[in-house]
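Quick notes on the structure that follows.
The values are calculated or read from the model by the stated rules, or taken from the named source; none is laboratory data. As the structure is a prediction and not an experimental result, all values here were calculated from the model. Here the Cβ positions follow ideal geometry from the backbone for every residue, glycine too, while neighbour counts run over all protein chains shown. These accessible areas exclude ligands, DNA and RNA; they are computed on the full protein's heavy atoms, side chains included. Shrake-Rupley method; radii C 1.70, N 1.55, O 1.52, S 1.80 Å.
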Amino acid sequence: MKHYDIIVIGAGNGGLTAAATLVNKGKNVLLLERHNIPGGCATSFCRGRFEFEVALHQLSGMGTPAKPGPLRSTLQRLGVLDQLEPIPMEDLFRLIIPGQIDMTLKPDRADIIRTLQKRFPDEKTSIETFFDLTYNFFTQVISVMYLNDPEATPDKYPLYFKYALKSAKEVLDSLFQDPLLKTLLSPYWTYIGLPPSKMAFTELAAMFFAFIEFLPFHLKGGSQTLSNAIADKIIERGGDIRFNCGVKKIIVQDNQVKGVITDTDEVIYTNWIVSNASKVATYIDLIGSEHIPQSVVKELKKSTLTQSAFTVYLGLECKPEAIGMTAATNFLFPHTDMEAVYERMKHREITDQDALVLSCYNLADQSFSPPGTCQVAIVTLKYGDTWLTVPPSQYAAEKYRVADAMIRVAEKAFPNIKNYIEEIEIATPLTHLRYLNHPKGSVYGFEHFIKNSELFIPNISHIKGLYGAGGSYGLCGFQPTLDSGVLTASKLLKDMGA
Amino acid sequence: MNEKILKQLEGYETVKADMETAEKYGADFNSEKGKVLEYIHRLHPATMRLKVSRIIQETPSAKTFRLVSQDGYLPPFQAGQYISIIFDISEIRTSRPFSISSSPTQTGYYDITVRRVENGLVSNYLLDTVKNGDTFESSGPCGTFVFNPIIHDSTMVCIAGGSGITPFMSMIREITDCGLDRTVYLFYGNRELKDIIFHEELTRISNDFLNIFYIPVIENVSKDFTGACGLITSQLLNDTLKKHSNKSFFLCGPQGMYDFCLPQLDHLGIPKRKIRQEVYGPSVDIFDYPGWPKEIKKKDTFKISVKGRSAIKAAAGDSLLSSLEKNKILVPSICRSGGCSMCRVKVLSGKVFQPAGVPVRASDKQFGYVHSCMSFPVEDLEILV
Ligand SMILES: Cc1cc2nc3c(=O)[nH]c(=O)nc-3n(C[C@H](O)[C@H](O)[C@H](O)COP(=O)(O)OP(=O)(O)OC[C@H]3O[C@@H](n4cnc5c(N)ncnc54)[C@H](O)[C@@H]3O)c2cc1C
Ligand SMILES: Cc1cc2nc3c(=O)[nH]c(=O)nc-3n(C[C@H](O)[C@H](O)[C@H](O)COP(=O)(O)OP(=O)(O)OC[C@H]3O[C@@H](n4cnc5c(N)ncnc54)[C@H](O)[C@@H]3O)c2cc1C
Ligand code: FES
């Protein structure tokens, strides 16, 4: 009878850091992953002479050795920092609205303020106010939320109590007039999937704070390097990892986990499980309705799934300059009406009314692809439903058709991309569904409405011995999901009495 | 966070009301049960159960096996894709990829066409032993050797060698079945006239369709063959095509063919992005491969210690994957050409030879992972599977 102290299901960011934390504490850990490599979203794949980055556009929270961010310290504690080569990005982003604006911001508070003030002289003071507010507010968020000040009162943290439940739009509208300026200050909404009207100001502040204070980063070798480094550490410290080994059932008896059944019908016993599979997959598919606690049903009813993504990965036989690519991260927006852009995410079609994010990693790391070539990923968010209705027999043709349309839109700002394509791969919501096992291919877990934040749905254990880590148990993104594994593992260890 | 603090947040009542509404009217996700697997299965089943429904002798050394689904559903595929079939032969469990040679419009079955490989385990088994009604397990269709309308020119120059004709057969059949607006120049190299698979069908198609040009090329000059003889050279390509700027090139065949033909294309000035090449397994004779350590000979054997299991003996020249399979250590595999990373294992100590050009992720290299189907032990090894 096979038995482990702890079984971790899924080797995405959250699963990897959870397993690594547990192994570091001397636990006997088994990590099970369906795919043949670790990482989930944080992976890469090879086509011809290119290795394509699946997900990472900008890594937050890293910081430099001189001014380390929280992620750098986490990776240091996990013992993997030495194996990584983090490269700071020179630009925060370039934002293009054809015919209206084309501006590149640097990850430097003073520089951003100067650049914006020059372009929007009428709103000079508000620009300053916005960054003061963002910083001061987020400093209070850290004290209340992360440092858990038990004496938190409106007097002590006035900004926190005033703004914690405000939307990004409320704050932007209260300060600014020009829609272009508001758009320049909120393209990051596409990183969580809700337009400024629905996105919490906290999230916008968090991203600005993290990217400006600790710079956006790229990892040499891509995010797969990070996943491989953590996996390797787990093995080195005596943990077991099985790839190509999915879990199809979590055994529960009297509201206590007892073990798992793998896709090949092997039963492995344990009293402690961390699931990095999505919350829906974990409770609906792996546990099953007969064992779902009422508290979870309640949580699920409050939640809806985020978009999936449609991505075109391009290996180009040219340098970035040839297509006018000058920044590593680019937002190509049709106009300033983000509500309309959000509506577009409910349609499969890609037109010049969609918002695209383009990343060219070579601008962060020249050696990212062979000399004389570059790699570009073009992404847009699309709800999974838009693709689930495509008949299988038309799936391939539809992929080509939509990808072609997407490239044509991108060419409005980056001309002649098509002339240089050597390798191309297309990922639809169905691709994400297949590789991540997330319902509807959802890439950011549950929609991050204010009502769904950790304030109201904390990541707690509903079944004895069962813990969750990853994007559907809290915030999404690299830094938050990597953190989530560490936090979950610490909670588990505490409950274990270890 | 504790309720007391929450209640003092500005806007708390509104959020609370939102939450109560959602709780009342929201979905509990039970309708999602099994959905992910169902969607995956429609397009990319991890495994399929197939049955041989017909066997066609194509040439003295090649047969087509018509495969139908045992459970009634075959996912669609793109012309040029392959399936990986699992075999249990003399107590060895192994797999081999075979391109689908039938047209994607033919939804009732997949044809695979297999040519005998001297001393080959699976090809000989298929040709000599497999009969109607035999069943197999396979992967779903996979592979990226397909026509991509976004980047490929509508004129395709296809260069095939031996059994490498199969993906092109599927493409040509689709083009003619559907009347697609595409032109094909097929250069098909074989040693002897009698080896040419699909010779009659290709001749007929090229007579009937103005957009399909068939140029068989025979290596050994013979009296009863009036076509091109020798190898597929830049000269031959140039004479036939005249202009190459608006054409995409596709190659499928044994390593020897790539070694010869790729420089020919380079000579014609065809840019890399205009050339697609199917993976086709390790070189027939790895001992002649550029970079192979000359001191290691066929008779050499190595000890491979598999962590947590007993050690096995591996013959030089056998891939790490086949050595493991021969010793009943199962490692999943699909492409067996280094391209899919399914057979990834970690080398803890010792050296393997990996032919140039095998696409291994940079960080896999950093952490000692290799694709065992394209890794050949050249020392005693310690590995983790
Ligand atoms: C296109 C794209 C771009 C992104 N860009 C950025 C960015 O620039 N910056 C940023 O910070 N974030 C970005 N993200 C978000 C970030 O990648 C994710 O939030 C994060 O990687 C999610 O990690 P996770 O722990 O939730 O696990 P996931 O990555 O979701 O992985 C879950 C893992 O569990 C496995 N699994 C599931 N079910 C089972 C089972 N039953 N048995 C075994 N294994 C199972 C899966 O195979 C998978 O490996 C992006 C995401 C995408 C898709
Ligand atoms: C993507 C892909 C598609 C393929 N499609 C087809 C197809 O449509 N029809 C078909 O007949 N085969 C096809 N093959 C080759 C097939 O998978 C097997 O490799 C082949 O049948 C030999 O297998 P075997 O078990 O008989 O030989 P093995 O026992 O594996 O090998 C015996 C010896 O033959 C050499 N060898 C292996 N493969 C070949 C080869 N193709 N040509 C020459 N020598 C070889 C080996 O190096 C070894 O020395 C394809 C391979 C790939 C990677
Ligand atoms: S089986 Fe595909 S890389 Fe080895």
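Quick look at the values:
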| quantity | calculated |
| --- | --- |
| Residue in region A:284-311 that is surrounded by the most Cβ atoms within 10 Å (Cβ to Cβ), counting only those that are within 12 Å of ligand 1 (Cβ to nearest atom) and of a type outside the set (A, V, I, L, M, F, W, C) | A:Ser308 |
| Only one of B:Arg116, B:Arg96 that is free of Cβ contacts under 8 Å to residues at least 60 places away in the same chain and either touching a helix residue (DSSP H, G or I) at 6+ places or on another chain (Cβ under 6 Å) or within 14 Å of chain A (Cβ to nearest Cβ) (or both) | B:Arg116 |
| Hits in region A:410-433 - residues which are in contact with a Gly (Cβ under 6 Å, 6 or more places away or on another chain), facing another protein chain (nearest Cβ under 7 Å) and either of a type outside the set (A, V, I, L, M) or surrounded by fewer than 23 Cβ atoms within 10 Å (Cβ to Cβ) (or both) | A:Glu422 |
| Pick from region B:320-346, criterion more than 10 Å from ligand 2 (Cβ to nearest atom) and open to solvent by 30 Å² or more (accessible area, probe 1.4 Å), ranking: farthest from B:Lys307 (Cα to Cα) | B:Met342 |
| Residues that are within 7 Å of ligand 2 (Cβ to nearest atom) and not small (Gly, Ala, Ser), drawn from region B:85-117 | B:Arg96, B:Pro97, B:Phe98, B:Ile112, B:Thr113, B:Val114, B:Arg115, B:Val117 |
| Matching residues, region A:24-41, being open to solvent by 10 Å² or more (accessible area, probe 1.4 Å) and either more than 16 Å from ligand 3 (Cβ to nearest atom) or closer than 11 Å to A:Val274 by Cβ (or both) | A:Asn24, A:Lys25, A:Gly26, A:Lys27, A:Asn28, A:Glu33, A:Arg34, A:Gly40, A:Cys41 |
| Extreme residue, surrounded by the most Cβ atoms within 10 Å (Cβ to Cβ), among residues of region B:90-127 that are closer than 15 Å to B:Thr166 by Cβ and of a type in the set (S, T, N, Q) | B:Ser99 |
| Number of positions in region A:443-483 that are within 9 Å of ligand 1 (Cβ to nearest atom) and not hydrophobic (A, V, I, L, M, F, W, C) | 10 |
| Residue check, B:Gly230 in contact (Cβ under 8 Å) with a residue 24 or more places away in the chain, surrounded by fewer than 17 Cβ atoms within 10 Å (Cβ to Cβ) and not polar (S, T, N, Q) | no |
| Residue within region A:465-481 that is β-branched (Val, Ile, Thr), at the interface with another protein chain (Cβ under 9 Å from one of its Cβ atoms), in contact (Cβ under 8 Å) with a residue 12 or more places away in the chain and open to solvent by less than 30 Å² (accessible area, probe 1.4 Å) present | no |
| Unique match (being more than 16 Å from ligand 1 (Cβ to nearest atom), in contact with an Asp or Glu (Cβ under 9 Å, 6 or more places away or on another chain) and without any contact (Cβ under 8 Å) to a residue 12 or more places away in the chain) among B:Lys294, B:Lys242, B:Lys328, B:Lys272 | B:Lys272 |
| Total residues in region B:146-200, condition under 13 Å from B:Ile215 (Cα atoms), out of contact with any Cys (no Cβ under 9 Å at 6 or more places or on another chain) and open to solvent by 20 Å² or more (accessible area, probe 1.4 Å) | 3 |
| A:Tyr444 more than 9 Å from every other protein chain (Cβ to nearest Cβ), closer than 25 Å to A:Asn330 by Cα and not in a helix (DSSP H, G or I) | yes |
| The listed residue being farther than 18 Å from A:Ile87 by Cα, away from chain B (no Cβ under 14 Å) and open to solvent by 10 Å² or more (accessible area, probe 1.4 Å), out of A:Phe214, A:Phe209 | A:Phe209 |
| Test: residue in region B:291-299 that is within 14 Å of chain A (Cβ to nearest Cβ), more than 13 Å from ligand 2 (Cβ to nearest atom) and either among the hydrophobic types (A, V, I, L, M, F, W, C) or open to solvent by less than 20 Å² (accessible area, probe 1.4 Å) (or both) | no |
| Region B:1-29, subset at the interface with chain A (Cβ under 9 Å from one of its Cβ atoms) and of a type in the set (Val, Ile, Thr), residue most open to solvent (accessible area, probe 1.4 Å) | B:Thr14 |
| Test: residue in region B:360-373 that is within 16 Å of ligand 2 (Cβ to nearest atom) and open to solvent by 20 Å² or more (accessible area, probe 1.4 Å) | no |
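Residue-wise test of (1) within 16 Å of ligand 1 (Cβ to nearest atom); (2) modelled with pLDDT under 95; (3) out of contact with any strand residue (DSSP E or B) (no Cβ under 7 Å at 6 or more places or on another chain).
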| position | (1), (2), (3) |
| --- | --- |
| B:Thr94 | no, no, no |
| B:Pro97 | no, no, no |
| B:Thr107 | no, yes, yes |
| B:Asp111 | no, no, no |
| B:Arg115 | no, no, no |
| B:Gly120 | no, yes, yes |
| B:Leu126 | no, no, no |
| B:Thr129 | no, no, yes |
| B:Gly133 | no, no, no |
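Here is a yes/no grid of residues against (1) under 17 Å from the mean Cα position of the chain (by Cα); (2) not charged (D, E, K, R):
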{"position": "B:Gly140", "(1), (2)": "yes, yes"}
{"position": "B:Thr144", "(1), (2)": "yes, yes"}
{"position": "B:Pro149", "(1), (2)": "no, yes"}
{"position": "B:Ser163", "(1), (2)": "yes, yes"}
{"position": "B:Glu174", "(1), (2)": "no, no"}
{"position": "B:Gly179", "(1), (2)": "no, yes"}
{"position": "B:Arg204", "(1), (2)": "no, no"}
